[in-house]
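These notes concern the structure reproduced below.
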Amino acid sequence: MSTYPLRTDRLSLSPLGASDLDAFVAYRRDPAIARWQSWDPTYSHADARRLLAGQPTGDLPAPGEWLQLAIHDAAATTLHGDVAVHTLADQPDTYELGVTLAPAAHGRGIATEAVGRVVDHLVGERGAHRLVGQCDARNEPVARLFRRLGFRHEGRNVDADFFKGEWTTLDTYALLDRERPAPVAAKISYRMFGQ
């Protein structure tokens, strides 16, 4: 039985598929989105097809690999963005998380709900020991997201990454399995939707 889709009240998360590519390319081409990511606004359908061809076939990526989980509405008709899961090669049971949202999905709690569900899956269902996330120190929405999900700010690497023609400062956030007192998605649902 497949792990996917992962579900919340509003969302369905599953590996990125061919039917997602037009919407996926559209938000990756947005300059405001690409600013913080490893791609630029020239991201193409060929780039997306290469990414899709490299997606792992198992429920989680092998060490050193990434898995893009598409964030859809519950009916799986609208692509809101994706959560990236990277299995670190040098540490067991350790995953790096990233998130990208289409502009229309910003400010609606979608990233918090989606990443929270992935946290619950990795820690509660897959036995993850440690989850990490990094972001440009200027990307305050992602920093707030990690803090909202209970990640602790572990450090700031000043001018540590020469990225897109400038030195950037990276913030690192992390969450250990023992620091997760209750499923994150349930707590978010209660706070955000009064359930």
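Here, each number is a calculation from the coordinates, and none is a lab measurement. Worth saying up front: this structure is predicted, and the values here are computed from it rather than measured. A quick note on method: Cβ atoms are made from the backbone with ideal geometry, for glycine too, and the neighbour counts reach across all protein chains shown.
Rounded to the nearest Hz, the phi-derived 3J(HN,Hα) couplings of the stretch 5-10 under the Karplus curve 6.51 cos²θ - 1.76 cosθ + 1.60 (θ = phi - 60°) are x, 7, 10, 10, 4, 10, where x marks glycine and proline. Work from the charge dipole of the chain (Cβ charges, +1 for Lys and Arg, -1 for Asp and Glu, about the Cα centre) and give the residue of P141, P31, V99 farthest towards its positive end. In the chain, that residue is P141. Our compactness index for the stretch 4-50, the C-alpha radius of gyration over the empirical 2.2 N^0.38 Å, is 1.31. Name the shape class, rounded, prolate or oblate, that the alpha-carbon gyration tensor gives for the stretch 137-183, where a ≥ b ≥ c are the square roots of its eigenvalues, rounded holds for a/c under 1.5, and otherwise prolate holds if a/b is larger than b/c and oblate otherwise. Note, shape of the stretch 137-183 comes out prolate.
What's the ranking of 33-39, 58-64 by average number of surrounding C-beta atoms within 10 Å, highest first?
Values: 33-39: 15.3, 58-64: 13.4.
Listed from highest to lowest mean packing, they are 33-39, 58-64.
Roughly speaking, what is the centre-to-centre gap between the stretch 43-109 and the stretch 149-170 when only Cα atoms are used, to the nearest Å? Computed from Cα coordinates, the inter-centre distance equals 21 Å.
Taken along its principal axes, the alpha carbon cloud of the chain reaches lengths of 41, 40, 34 Å, longest axis first. Summarising the amide proton neighbourhood of G81: residues at separation of 5 or more, or on other chains, whose placed amide H is nearer than 5 Å comprise I71, A102.
Summing -39500 (n - 2.57) over the DSSP H runs of n ≥ 4 in the chain and dividing by its residue number, what mean residue ellipticity at 222 nm do you reach, to the nearest 500 deg cm²/dmol? Don't skip to the answer; put the middle values down first.
Numbers: 6 runs with 50 residues, N = 195.
So the helix-based figure for the chain works out to -7000 deg cm²/dmol.
Take 172-178, 69-75, 159-165 and order them by the average number of nearby Cβ atoms within 10 Å per residue, most first; the result is 69-75, 172-178, 159-165. I need the shape label for the stretch 113-163. Rule: rounded when a/c is under 1.5, else prolate if a/b > b/c, else oblate, with a, b, c from the alpha carbon gyration tensor. Since a/c reaches 1.5 and a/b is larger than b/c, the shape of the stretch 113-163 is classed as prolate.
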